[in-house]
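One structure is given below, encoded as structure tokens.
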Amino acid sequence: MSRKDTGEKKAARLDKKGIKKLRSIFRFMLPYKGTFTVGIISLFFSSTVLLALPRLTGELLDTALGNSTIPYLENLTQVGLALMAVLVLQSIFSFARVYFFAIVNENAMADLRRALYEKFMSLPMSFYDKNRSGELFSRITSDVAVLQDTFSTTLAELFRQVATLVLGIIILFTLNFKLTMFMMLTFPILIIAAIIFGKFIRKLSKGTQDALADTNIIVEETLQSIATVKTFANEHFEVTRYANNLFNVIKIALKAATYKGAFISFIITVLMGGIIGVLWYGTYMVSTEEITVGNLISFVLYTMFIGGSIGGLGDIYGNIQKAVGATDRVEEILNAESEHQIDKENVPRLQGNISFKNVIFSYPTRKEIEVLKGVDLEINQGERVALVGKSGGGKSTIAQLLQRFYAIDSGDILIDGKSTQDYNLIGYRKHVGVVPQEVLLFGGSIEENIKYGNPEASKEEVIDAARKANALEFIESFPEGFDTLVGERGVKLSGGQRQRIAIARAILKDPAILILDEATSALDIESEKLVQDALETLMEGRTSLIIAHRLSTIRNADKIAVLESGKIKEIGKHDELMQNESGAYNKLIQLQEF
Ligand code: ADP
């Protein structure tokens, strides 16, 4: 799988555009702006109140030495009480900031996830043809998790560190101008180092992420098709492939670690060097009585605070960059074009006259290949039409277009004389039922699975549908009946049983138009008969388009349409078509290629 396919490799730069992008996520915070403001205020106080500690610690020393420098704090008890007050205040504010930010963050991120999921539900099939589901899944999980982390921790930290840095430096200047200027000599060195190392580290950590994404793809793909891996006995091959990819991750990560390690040790050395320098110069100033011992201690403590903030800012920068990348990926989904609004506009019951008029179509992912090259097909209300033709001829495509999964390139598909485009999409689809070749059941009970055809159906209606679908008997033979769990973690139903569940679903949906995709693999005779009977009941009074693979179905159809290379070659009843000995239908039947 090429890197491009993971669709997430756009470099995320923390430039102006990046910040702007991050801001767009703030719209999810807007509904909670009151609580957010309380959080910000708490954050501000929890950070700034702490800045009193170094000053008060210095004062403690100076008071003990008999030269207090702060008015009203003239004995040790008073200074001690002030220190305690600072601690109590900061604990109250810290609690408040964590709590209020959590309220905003949890709500906003749940809203974002809901918005994403709603978008997923409304995106067209063409979107899913182009994007891998595993990759899409990660947007609603890990990308939102990155944003959640950013808004709960990173931004608060940024604010805290910047406040500490700015206020800390201001306090330093008020304590001693000369010593502050001396301390700030280290700043240019720190900034230049951060810029140079930052560039390398950024590039390498993105490389690590990309390499990691590649390994994740292997896991995702092989777990999804574990049966294939086992069939080919390729377990060892896959483990080796995965291990090689992991090795690649390690290689890049270690290179990044070399730069990071060098950067961190350099920063620590410079910061410590700065502090030692301040102590050295400061003690000299104490000896010349330019500064008190207490003030020097305060000064050193502030310098440590500031050093911590500068160190922290590097990490914050990296995290914000990650968040910009996550925002990009989340916004890409939110801005993708939906095929519809999730609304519930009803379309009154259709009669079910279908008319394909010179339909030309190619799939959006393969624009260069015309799959349907001018299909004309008339199906009257209540008719059964069997669609036959070699595999790849476009039968399923016609079924998909009838469900409006894709927009056609030219021509029109009319239902009861009106273009399908002119119906509300969701309302229209409520009138089209499908019994697919391979029935997929959701994890849940049999009842829930049948009810998927109409979530509002009553238990009686579900039982009735199951009876009509010849499914009641086998359902009731399970000890838990309709409550029997099916799907990935439930009982395994046979192919015939799954089909009858799908038929019951379709009966509950009660559509005017039916699409049946006959299973190519044969069921046992008894099961086959039960399914056939159930299908007969289902088709009663509906217009049916059948992608047929059984001669019996084809013979019984009102019309047979032979599809060949994207065009309807012949149309008629079995006997009529058979008369043309050199006809396409005749050939299909002889070669049994339907
Ligand atoms: P049939 O049902 O007759 O076997 P299909 O309608 O499935 O034929 O396929 C017709 C052609 O369209 C084939 O060439 C197939 O590869 C192509 N095709 C089918 N589905 C897609 C898709 N989602 N994206 C791109 N091409 C597709």
Between Tyr72 and Val98, what's the calculated FRET efficiency when r is the beta-carbon distance and R0 is 41 Å? Round to 0.05. 0.80
My understanding is that a pair violates if its Cα-Cα distance is over 18 Å; which of Lys130/Lys357; Lys20/Lys322; Lys20/Lys260; Lys357/Lys587 do that in this structure? Lys130/Lys357; Lys20/Lys260; Lys357/Lys587
Towards the positive end of the charge dipole of the stretch 68-197, with charges on Cβ (+1 Lys, Arg; -1 Asp, Glu), say which of Ser138, Leu172, Ile195 has the farthest Cα. Ile195
Using a Cα-Cα cut-off of under 17 Å, which lysines could be cross-linked to Lys430, ignoring same-chain neighbours fewer than 8 residues away? Lys344, Lys418, Lys451, Lys509
Potential extension, Thr520-Thr240 segment - 0.36 nm per residue separation minus Cα distance: 97.1 nm
Per DSSP H run of n ≥ 4, the term is -39500 (n - 2.57); total these for the chain, divide by its residue number, and report the mean residue ellipticity at 222 nm rounded to 500 deg cm²/dmol. -20000 deg cm²/dmol
Net lengthening on full extension, Lys367/Leu551 (0.36 nm per residue, minus Cα-Cα): 62.8 nm
Nearest-0.05 FRET efficiency for Leu334 and Ala227 at R0 = 41 Å, using Cβ-Cβ distance, is 0.70
Give, to the nearest whole percent, the P(r) tail of the stretch 458-529 beyond 18 angstrom, counting all Cα pairs. 42 percent
Taking Cα atoms only, helix 495-509 is inclined relative to the longest principal axis of the chain by an angle, in degrees rounded to 10, of 90 degrees
Taking Cα atoms, the helix 52-64 axis meets the longest principal axis of the chain at an angle in degrees (rounded to 10) of 20 degrees
Run a plain Debye calculation on the stretch 72-176 (Cα atoms as equal point scatterers, no solvent) and give log10 I(q)/I(0) at q = 0.15, 0.17, 0.20 Å⁻¹, rounded to two decimals, same order as the q list. -0.83, -0.95, -1.10
Estimated Rh, the stretch 377-461: Kirkwood, alpha-carbon pairs, angstrom: 15.6 Å
Considering only the other residues whose Cβ falls under 15 Å of the Cβ of Ile291, what net charge follows from Lys and Arg at +1 and Asp and Glu at -1? -2
Considering every Cα-Cα pair within the stretch 188-239, what fraction, in whole percent, is farther apart than 18 Å? 55 percent
Those aspartates and glutamates that a straight Cα-Cα span of less than 15 Å connects to Lys390, excepting residues fewer than 8 apart in one chain: Asp517, Glu518, Glu564, Glu570, Glu593
Rg/Rh (Cα only; Kirkwood hydrodynamic radius) as it applies to the stretch 314-428: 1.18
How many percent of the alpha carbon pairs in the stretch 518-569 exceed a separation of 16 Å? 48 percent
Dimensions in Å of the chain - Rg and Dmax from alpha carbons: 35.2, 120
Using only alpha carbons, build the gyration tensor for the stretch 451-594 and give me the equivalent ellipsoid semi-axes, biggest first, whole Å. 34, 16, 12
Could you order peptides 528-541, 72-85, 550-563 by the average number of other Cβ atoms within 10 Å of their residues, highest first? 550-563, 528-541, 72-85
What Kirkwood hydrodynamic radius do you get for the stretch 240-328 when you take the inverse of the mean 1/r over all pairs of distinct Cα atoms, in Å? 16.5 Å
Quick one: net charge of Ile70's neighbours, Cβ under 13 Å, K/R +1, D/E -1? -2
Magnitude of the Cβ-charge dipole (Lys and Arg +1, Asp and Glu -1) of the stretch 9-143 about the Cα centre, nearest 20 debye, reported as 1180 debye
Order of 566-575, 332-341 by packing, highest average Cβ count within 10 Å first? 566-575, 332-341
Determine Rg/Rh for the stretch 22-83; Rg is computed over alpha-carbon atoms and Rh is the Kirkwood hydrodynamic estimate from the same atoms. 1.34
In which sequence would Tyr585, Tyr452, Tyr284, Tyr242 go, from the one with the fewest C-beta neighbours within 10 Å to the one with the most? Tyr284, Tyr242, Tyr452, Tyr585
Order by neighbour count: Glu289, Glu476, Glu59, Glu564, fewest other Cβ atoms within 10 Å first, most last. Glu289, Glu476, Glu564, Glu59
Ranked by how many other beta carbons lie within 10 Å on average, peptides 186-195, 151-160 from highest: 151-160, 186-195
Projected onto the charge dipole of the chain (unit charges on the beta-carbon of Lys, Arg, Asp and Glu, signs +1, +1, -1, -1), the Cα from Ala534, Met184, Gln351 with the largest positive-side position is that of Met184
Between helix 155-175 and the chain: long-axis angle, C-alpha atoms, 0 to 90°, nearest 10: 10 degrees
Just to verify a number: FRET efficiency for Ser582 and Asp558, C-beta to C-beta distance, R0 = 30 Å, to 0.05? 0.75
Quick one: putting +1 on the C-beta of Lys and Arg, -1 on the C-beta of Asp and Glu, what dipole do you get for the chain around its Cα centre, in Debye to the nearest 20? 1960 debye
Positive-end extreme of charge dipole, the chain - chosen from Ile568, Tyr128, Thr69 (charges on Cβ): Thr69
Mean 1/r over distinct Cα pairs of the stretch 445-497, inverted to a Kirkwood Rh in Å, yields 11.2 Å
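We did not get these values from a lab; they are worked out from the coordinates using the rules stated. Since this is a predicted model, take the numbers as computed values, not measurements. With ideal geometry, Cβ positions are generated from the backbone for all residues, glycine too; neighbour counts draw on all protein chains shown.
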